[in-house]
Amino acid sequence: MERTLRYDALIIGGGHNGLTCACYLAGAGLRVRVLERRHVVGGAAVTEEFHPGFRNSVASYTVSLLHPKVIRDLRLAAHGLRIVERPYSNFLPLDNGDCLQVGGGLEATQREVARFSARDAERLPDYYRTIERVADVLRELVLQTPPDAGGGVQDLLEALRLGLRLRKLDMPARRDLLDLFTKSAGELLDWWFESDPIKAAFGFDAVVGNFASPYTPGSAYVLLHHCFGEVNGKRGVWGHAVGGMGAITQAMAAEARARGVEISTDSAVAQVRTRNRRATGVVLEDGSELEARVVVANVNPRLLFLRMLEPGTLDEDFRRRIERWKCASGSFRMNVALSQLPDFVARPGTHAQPHHSTGIIMAPSLAYMDRAYEDARRDGWSRAPIVEMLIPSTVDPGLAPEGMHVASLFCQQFSPTLPDGRSWDEEREKAADLVIDTVSRYAPNFKSAVIARQILSPLDLEREFGLVGGDIFHGALSLDQLYSARPVLGHANYRTPVRALYLCGAGAHPGGGVTGVPGHNAAREILKDWRKRKV
């Protein structure tokens with residue numbers, strides 16, 4: 001058994017939040033080592049070749065929520081990160097051969113929506129203003145450490161500051177805030193609009209990574225969670241990282257190394273070592289022991305607390321609540337190599353057009369999304385799944401051979417647990433066939449254009465990336481798992497019940513998405529404790 005010198009901080013998991021946290025800690029002078037289980041750093045934000053000559057973002061696939069402060073502080077642009085904006089927000093092909101194209105400016109979207117409802121087109125500016133006003137509140141909250149329920153004076157002051165911030169909102173804004181945190185997206189969108197296409201275009205964000213119906217209470221918050229980002233200073237915009245999502249984490253890794261961080265791949269952590277309920281280091285799967293003053297976990301809370309700690313380390317109430325931590329996003333992920341671009345009935349042609357470079361949503365109504373969820377609850381997956389397709393090679397041709405393309409297919413609803421004892425290892429190919437057929441309904445040449453495909457079922461996402469239940473958010477974004485209750489009330493400040501053990505992943509505030517914010521915030525709290533000699 002090998003023993004090494006003590007580190008100031010060991011970080012479990014080299015995903016984007018782990019790398020972000022490492023950069024901030026090392027920048028403050030700490031000796032930091034990142035331990036990544038896979039052969040490459042980046043976690044779910046990686047770019048890999050999945051077929052000879054074809055590369056793509058393997059799991060996470062699009063950019064908006066990456067915080068500008070993290071981009072700036074970690075000098076990601078200097079390390080080569082470049083993000084290209086989508087020309088439009090979304091393209092929604094419909095069953096009748098028509099389509100809805102959202103984006104390109106307010107007036108362009110209004111003209112599109114007016115083809116289905118003049119009333120909806122008129123209401124669109126007010127809807128955007130409402131979402132943006134509440135998203136501004138969220139933007140202020142994401143970089144703050146949630147006040148700890150039952151905490152000390154500092155936590156009371158933080159709660160007071162939050163209350164004062166909300167008091168600055170007028171009453172209509174407070175009501176909108178309450179609606180977006182508690183109601184279903186379906187209820188909200190049915191009130192705002194009357195036509196199915198625009199409700200579907202907006203409602204898709206409520207089911208992304210959310211194993212729920214758009215009519216499930218609380219799904220409006222998931223919609224909002226996808227609206228607080230920006231690309232190149234433009235709010236609410238989505239984009240593509242040139243080189244794929246791995247370009248983000250490779251830039252982070254370059255900055256980490258420049259700050260002296262030691263990064264180890266193929267270094268799976270088997271256990272967090274503790275003494276007197278204090279973290280003292282880790283044991284790797286190869287038996288090596290590493291000692292540290294601080295251990296920081298960039299993994300799902302269930303993995304950390306239920307699999308990496310010795311029995312008896314946690315009090316029973318905390319452990320029971322972590323056992324009930326909801327992890328199920330219903331996501332099924334595919335990457336496909338294409339011989340040609342999809343030829344959509346609504347927008348014919350295999351030559352590159354603006355709709356090929358945007359988010360293509362195949363889910364024409366909220367009712368369609370509701371049925372997809374009910375199917376998955378009953379049968380394991382939906383007979384007509386929700387599919388979003390991006391074709392990044394249209395703006396990043398280096399991902400595929402000349403004249404060919406790669407596409408990301410992000411699909412909902414696929415239950416992590418199949419009924420009747422069935423296994424995803426047995427069913428994944430059938431589910432993938434269904435996804436291909438679903439896209440081919442709207443672009444008939446798609447099936448014949450597929451050269452190769454990479455399939456990631458919910459089980460594959462868990463085994464490959466540690467996404468328990470295939471949950472891309474490390475835990476559902478429901479009201480009982482947000483802010484001061486993420487992951488458990490009393491431990492939302494990135495500190496855990498085990499001293500010197502911190503949580504820096506998406507299972508902490510503000511939750512999932514490639515934001516870098518949990519890593520940023522956790523580093524701030526660790527450094528506070530470090531300076532006070534609490535560690």
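The values are calculated or read from the model by the stated rules, or taken from the named source; none is laboratory data. Because the structure is a prediction, the values reported are computed rather than measured. Cβ placement follows ideal geometry from the backbone for every residue including glycine, while neighbour counts extend to all protein chains displayed. Surface accessibility is based on the protein's heavy atoms, side chains included, excluding ligands, DNA and RNA. Shrake-Rupley method; radii C 1.70, N 1.55, O 1.52, S 1.80 Å.
With all projection directions averaged, the alpha carbon convex hull of segment 349-489 covers 10.7 nm². Counting only aspartates and glutamates at least 8 places from residue 447 when in the same chain, those with an alpha carbon closer than 15 Å to its own are 343, 429, 433, 437. Segment 309-383 and segment 472-495 have Cα centres separated by 22 Å. Ligands, DNA and RNA aside, residue 73 has an accessible area near 50 Å² when probed at 1.4 Å. Ranking 482, 435, 461 by Cα position along the charge dipole of segment 426-496, where only Lys, Arg, Asp and Glu carry charges on their C-beta atoms, puts 482 farthest toward the positive end.
Computed over the Cα atoms of segment 325-425, the ratio of the radius of gyration to the Kirkwood radius (Rg/Rh) comes to 1.05.
Spin-label model, residue 317 to residue 166: label points 7 Å out along the Cα-to-beta-carbon direction sit 2.3 nm apart. Per residue, the chain reaches -11000 deg cm²/dmol at 222 nm when only DSSP H runs of four or more residues are counted, each adding -39500 (n - 2.57).
Exposure here means at most 11 other Cβ atoms within 10 Å; with GluC sites (Glu not before Pro) in a DSSP loop as sites, the longest stretch of the chain lacking them is 3-401. Close amide H pairs (under 5 Å, H built 1.01 Å from N) link residue 452 with 337, residues at least 5 positions away or on another chain. The calculated FRET efficiency for the pair residue 194 and residue 69, based on their C-beta separation and a Förster distance of 45 Å, comes to about 0.70. Under 14 Å of direct C-alpha separation, and excluding same-chain neighbours fewer than eight residues apart, residue 534 reaches these aspartates and glutamates: 8, 525.
Each residue of segment 465-481 is assigned a 3J(HN,Hα), and the resulting list reads 10, x, 7, 4, x, x, 7, 6, 9, 6, x, 4, 8, 9, 4, 7, 10 Hz, derived from the Karplus form 6.51 cos²θ - 1.76 cosθ + 1.60 (θ = phi - 60°), x at Gly and Pro.
Of 535, 282, the residue with the largest accessible area leads and the full order is 535, 282 (1.4 Å probe). Extents of the chain, largest first, come to 65, 57, 51 Å (Cα atoms, principal axes, whole angstrom). Judged by the ratio a/c of the largest to the smallest principal axis of the C-alpha gyration tensor, segment 1-66 counts as oblate, that ratio being 1.5 or greater while a/b is no larger than b/c. Per-residue SASA remark: residue 257, around 130 Å² accessible (1.4 Å probe; ligands, DNA and RNA not included).
Within straight-line reach of residue 326, meaning a Cα separation under 22 Å, sit the following lysines at least 8 residues removed in sequence or on another chain: 183. Shown for the chain: the carbon plus sulfur share of the solvent-accessible area, taken with all protein chains present and a 1.4 angstrom probe, equals 50%.
For residue 381, the solvent-accessible surface computed with a 1.4 Å probe is close to 40 Å², ligands and nucleic acids excluded.
Across segment 265-282, computed HN-Hα scalar couplings (Karplus, 6.51 cos²θ - 1.76 cosθ + 1.60, θ = phi - 60°) run 9, 6, 10, 6, 8, 8, 7, 8, 7, 9, 9, 6, 6, 9, 5, 10, x, 9 Hz from first to last residue, x flagging Gly and Pro.
Per-residue Karplus couplings for segment 15-26, computed as 6.51 cos²θ - 1.76 cosθ + 1.60 with θ equal to phi - 60°, are listed in order as x, 5, 6, x, 5, 4, 4, 4, 4, 5, 5, 5 Hz, Gly and Pro entered as x. Dipole of the chain computed with +1 at Lys/Arg Cβ and -1 at Asp/Glu Cβ about the Cα centre; of 384, 97, 225, farthest Cα towards the positive end is 225.
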